[in-house]
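So the structure is just underneath, and the comments pick up after that.
The values are calculated or read from the model by the stated rules, or taken from the named source; none is laboratory data. Owing to the predicted nature of the structure, the values given are computational and were not obtained by experimental measurement. Every residue, glycine among them, receives a Cβ derived from its backbone with ideal geometry; neighbour counts consider all protein chains shown.
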Amino acid sequence: MKNISIEELKEKAIEMRRTALTMIHEAQSGHPGGSLSAADIMTALYFKEMNIDPNNPTWEDRDRFVLSKGHVCPIQYSALALRGYVPYETIYTLRKYGSPFQGHPDMKKCPGIDISTGSLGQGLSCGVGMAIGGKRDSKDYRVFALIGDGECQEGQIWEAAQTAVKYQLDNLVIFVDNNRLQIDGFCDEIMPLQDIEKKFDAFGFETKKIDGHSMEEIVETLDEIRVAKNGKPKCIVCETVKGKGVSFMEDVVEWHGVAPNDEEYKKALEEITGGLQ
C-alpha cells in the first residue's frame, strides 16, 4: 500500500484512462465503455490499497485481484503496465499473437493476473476460493473482485455470495461496477438492474453504495473496511457511468465494445486529460 494523495490518485486515473484507450485504439478492438467506468476503482486498488509487488508477481502473501468482468481487461492491463509488471510498450500489443495482453486476462501469459477470466458470472467463485484458501492457511492477504451489474443476473454470483457468507470471508472485498448498461446477447437492449446493494446486504454482506468516480469516497470506504474483521464479506456498489470521462461515450451502449477511430481517439484523449466533469 503506497502513501499517495487523493490528487495524485486522480492524476493516475487520468493516465489509466489514456493508457486503456491507447491500447484499444492501437488494436482497433476492445471494450472502452466498461474500462472507463472501472478506471477510478482500479486506480485506487492498484496504486494505494492492494499489497502487491510488481517485482514478485507470485509472492505468496500478496493481495489477490479477480477481474470477473474480464472483457474490460484494458484497464487492468493499464495498471499492470503503469505499476511495472510489464514494459509500458506492451500496451501497443493488445490482442496480438504472443502478447501478454490478450482479449481476456490470461494468468499463464501475463504477470500480475491472479486468475484467467472472461466467462461472465464465474470470477467471483474463484475469488471466494482464494479467500477460503487464505483463511485455511492463516494468511493475512485479502481478495478483491470486480464484477459487473450484468453479471449479477447470473445465479453463480449468488451461489458464490452465499458461500462467502457461510465461511465468514471478511478477507473478501467485492466491487460492483454498476454502470447500468448491459447488452443482452447480441441485442442492443438496455437492462437496468436495481437494488444490488440490498441484495448483497440481505445475503449477509457488509455493504455500502458509493460514487464510483469519487476518489475521495473510494479511498474513504477502503479505509473504513480495512480493519473490519467482523466475519462479514464486503460489497461496495459503485454507481458509475459507462465511458466516463469521454462525453460522446458516456452512457452510450454502442461503446461497449467498439474501438475509437483516429479522430475519436484524439478527442477522447483531450477530454480525459482535462479531468472528470
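Looking at the structure I just gave you, is residue 156 polar (S, T, N, Q), in contact with a helix residue (DSSP H, G or I) (Cβ under 7 Å, 6 or more places away or on another chain), more than 23 Å from residue 36 (Cβ to Cβ) and modelled with pLDDT under 95? Criteria met by residue 156.
If I ask for residues that are under 13 Å from the mean Cα position of the chain (by Cα) and either modelled with pLDDT under 95 or polar (S, T, N, Q) (or both), which ones from the stretch 1-30 would you list? Residues satisfying the conditions do not exist here. Within the stretch 191-243, track down each residue that is at pLDDT below 90, touching a helix residue (DSSP H, G or I) at 6+ places or on another chain (Cβ under 8 Å) and not in a helix (DSSP H, G or I). Within the stretch 191-243, 191, 193 meet the criteria. The number of residues in the stretch 110-131 that are of a type in the set (A, V, I, L, M), at pLDDT 95 or above and not in a helix (DSSP H, G or I) comes to 2. So residue 268 ticks every box in (1) assigned to a loop (DSSP other than H, G, I, E, B); (2) over 30 Å from residue 166 (Cβ atoms) but one. Which box is left unticked? Unmet for residue 268, out of (1) assigned to a loop (DSSP other than H, G, I, E, B); (2) over 30 Å from residue 166 (Cβ atoms): (1). With respect to the conditions (1) under 18 Å from residue 52 (Cα atoms); (2) in a helix (DSSP H, G or I), residue 151 lacks only one, and its number is (1).
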